[in-house]
1. With respect to Ser137, is the statement that it is at pLDDT 80 or above and part of a helix (DSSP H, G or I) true?
2. Tell me which helices (runs of 4 or more DSSP H) are completely within the stretch 1-118 and hold 3 or more residues being touching a Leu at 6+ places or on another chain (Cβ under 8 Å) and modelled with pLDDT of 95 or more, or say none if there are none.
3. Where residues in the stretch 27-46 are among the hydroxyl-bearing types (Ser, Thr, Tyr) and within 21 Å of Ala108 (Cα to Cα), which of them is surrounded by the most Cβ atoms within 10 Å (Cβ to Cβ)?
Amino acid sequence: MTQNKKATEDLRVRRTRKMLMQALIELTIEKGFSAVSVQDIADRAMINRATFYRHYVDKHDLLERYMSEVYELTASQEELAFPQTKDAGSDSTLVGMASMFEEVYRHADFYRVMLGVKGDPAFVQRVRQFSEMRLRSLLPDKTAKTKTKGPPVDLCLSFLSHAGIGVMAWWLSEGQSYSPTQIAIWANQLTKATVELVLGKANDVRH
């Protein structure tokens, strides 16, 4: 296969996947995630079902791929902005949070549905898991011991990942009246305070 032909096919694949994801977003906003079928998605994207199944197993696989791409984009932007700084609550975390909230801002109606009664509980769980994975990777010392009688690291990460969903839901309910950057700054401050607490540095938290 020539390089030009391969590039053309890669572009076609990216375009098809983008159309399928856009179709899922639009249909989820219109009728709720559970009511959307693969045929609905294919029809909206103007492709046949066979083409859909060449790319994804089902609509859940399509959603999972989208979430993975958002997670990877967030992580890569953190790395590009601050390659030497990877502490939870640091400026690198802020860059990642801002990127995530920018994505939520672009598709606010979709996220509003997915976090509501017409969404998918597995989506909320996956967002939480991605958040916890990211926070764990950013801990300055992954083997750090918590201070005496302090909360365990795993509890801290679980708390923060659930809190992140709460921040997102609150922001959406407020109609995104604050910018993605501002929400990221506040979320970063809360993250930093919690991480410093669990690592026994509560007295060093800056106000």
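1. no
2. 3-31, 38-45, 59-81, 108-114
3. Restricting to residues being among the hydroxyl-bearing types (Ser, Thr, Tyr) and within 21 Å of Ala108 (Cα to Cα), the top hit is Thr28.
Residue-by-condition table, conditions (1) within 16 Å of Pro121 (Cα to Cα); (2) without any contact (Cβ under 8 Å) to a residue 12 or more places away in the chain; (3) in contact with a Gly (Cβ under 8 Å, 6 or more places away or on another chain):
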| site | (1), (2), (3) |
| --- | --- |
| Arg12 | no, yes, no |
| Arg17 | no, no, no |
| Glu26 | no, no, no |
| Glu30 | no, yes, no |
| Asp40 | no, no, no |
| Arg49 | no, yes, no |
| Phe52 | no, no, no |
| His60 | yes, no, no |
| Met67 | yes, no, no |
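The values are calculated or read from the model by the stated rules, or taken from the named source; none is laboratory data. If you're wondering where the values come from, they're calculated on a predicted model, not measured in any experiment. In this analysis, Cβ positions are derived from the backbone assuming ideal geometry, glycine residues included, and neighbour counts consider all displayed protein chains.
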